[in-house]
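Reviewing the structure listed below.
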Amino acid sequence: MMDKFKKIFVKSNIGRFFIYVFLIFWALTTIAPLVWVLNNSFKDTDQIMDSPFGFAESLNWANYQKAVERVDIIRSYINSFIMSGSATILVLLFGGMAAYILGRFEFRFKKFFTTIVALGLLIPAFSTIIPVYDLMIKLNLINTYPALILPHVASNLIFAIFVLSSYMSSLPDSIEEAAIVDGANRFQIFTKIIIPMSRPALATVAIFSFLWSYNDLFSALILVSDRSVRPIVVLLNEVSSRYGVDYGLQAAAVVLTIVPIFLVYLLLQDYIVKGLARQGSVKE
């Protein structure tokens with residue numbers, strides 16, 4: 001009864017009207033703060049204090065110039081891409097191999113391992129920071145790239161296995177059987193058939209892993225506080241504390257911080273939509 005009501009509501013003009021109103025409102029609450037920060041990044045502090053919601057009179061790039069010259073934002077960009085990019089690649093590599101085993105093979109204790117993977121999603125990352133910090137000290141990795149790469153790989157691997165195994169298990173068995181008949185081994189099947197067919201799911205995992213690693217300020221403050229290896233989120237936190245009254249510089253730093261996120265999403269959005277659509281269409 002409820003399902004029929006939902007279908008009628010969605011197909012009706014009134015239902016569509018309320019859905020569009022809700023989506024427009026949600027989009028405005030998301031886009032408006034970004035537009036506000038971008039607009040203020042072209043104003044100096046006095047202009048922001050006098051008219052925080054007024055439009056910038058011109059495209060003044062002074063704040064961006066200060067962000068590049070004064071706080072060494074380029075170096076922090078490089079550090080973030082090295083750490084987040086490496087973590088994402090390793091997550092896709094190890095997560096893809098583990099997901100192939102869980103999603104395409106039948107073996108003893110498979111349900112047990114699948115349950116363990118699902119339960120791993122319930123463990124908050126904050127609860128592991130003390131043993132991770134202690135381990136990094138023992139390995140002498142504090143203030144190095146691996147100090148963030150390895151924890152990010154471990155924290156995102158569970159999510160990657162869960163998503164990729166669900167996607168790979170939905171792929172038709174006939175393609176894999178045909179490849180075996182043609183003489184392909186398991187490695188060839190995995191690299192030349194399963195991986196290309198799983199690109200939407202891989203893109204979904206890649207963008208979420210990259211964003212979670214890129215935005216992880218908590219771990220970065222503890223594990224890589226040195227200026228030579230600090231990622232951009234630590235730099236943004238430093239700008240907020242050191243240049244607290246320079247609101248124009250803060251706004252410019254925020255804009256520069258979120259630019260890579262938009263670029264990654266724009267490059268992978270088609271694959272993400274396809275992956276989520278396929279995940280929603282699979283029936284057990």
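What follows draws every value from the coordinates through simple rules; no lab data is involved. These figures come from a predicted structure and were not determined experimentally. Heads up, the Cβs are rebuilt from the backbone with ideal geometry, glycines too, and the neighbour counts pull from every protein chain shown.
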*Counting other Cβ atoms within 10 Å of each Cβ, which GluC sites (Glu not before Pro) in the stretch 103-193 have at most 10 and sit in a DSSP loop?*
E106
*Pairs of lysine in the chain with Cα under 26 Å and at least 8 positions apart or on different chains: total?*
14
*Report the residue, chosen from V68, V254, V181, that carries the largest GNM mean-square fluctuation when the chain is represented by alpha-carbon nodes joined by springs under 10 Å.*
V181
*asked:* Modelling each spin label as a point 7 Å along the Cα-to-Cβ direction, I'd like the F109/T191 distance in nm, to one decimal.
replied: 3.0
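Using helices alone, I'd like the mean residue ellipticity at 222 nm for the chain: each DSSP H run of four-plus residues gives -39500 (n - 2.57), total over residue count, nearest 500.
-24500 deg cm²/dmol
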*Which of I48, I31, I89 moves most in a GNM of the chain, Cα contacts under 10 Å?*
I31
*Given the options M136, M168, M49, state which has the largest fluctuation in a GNM of the chain using a 10 Å cut-off (strictly under) for Cα springs.*
M49
*asked:* Let me check against my output: what whole-number percent is the relative contact order of the stretch 71-281, with C-alpha pairs under 8 Å and at least 6 apart?
replied: 34
*Starting with the highest mean, order 53-64, 200-211 by the number of other Cβ atoms within 10 Å, averaged over the residues of each peptide.*
200-211, 53-64
*Estimate the FRET efficiency between L38 and I78 by the formula 1/(1 + (r/R0)^6), using the beta-carbon distance for r and 30 Å for R0, to the nearest 0.05.*
0.80
*asked:* For the stretch 103-210, which trypsin sites (Lys or Arg not before Pro) pass both filters: DSSP loop (anything but H, G, I, E, B) and at most 11 other C-beta atoms within 10 Å?
replied: R108
_Label-zone membership for the stretch 33-55, site Q65, 7 angstrom Cα→C-beta point, backbone N under 18 Å_ = 41-47
*asked:* Of I222, Q269, T144, which is farthest towards the positive pole of the chain's charge dipole, taken about the Cα centre with +1 and -1 on the beta-carbons of Lys, Arg and Asp, Glu respectively?
replied: Q269
*asked:* For a quick size check, give me the Cα extents of the stretch 20-176 along its three principal axes, largest first, whole Å.
replied: 68, 52, 31
*Which residue, chosen from V233, L90, V35, occupies the Cα position most advanced towards the positive end of the dipole of the chain, where the dipole is computed from +1 (Lys, Arg) and -1 (Asp, Glu) charges on Cβ about the Cα centre?*
L90
*What number in nm² do you get for the chain if you take the convex hull of its Cα atoms and divide its surface by four?*
21.1
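Charges at C-beta only: +1 for Lys and Arg, -1 for Asp and Glu. How large is the resulting dipole of the chain about its Cα centre, in Debye rounded to 20? Provide the component values of the computation, followed by the final result.
Working: 23 positive and 19 negative charges, 190 e Å.
Here the chain has a charge dipole of around 920 debye.
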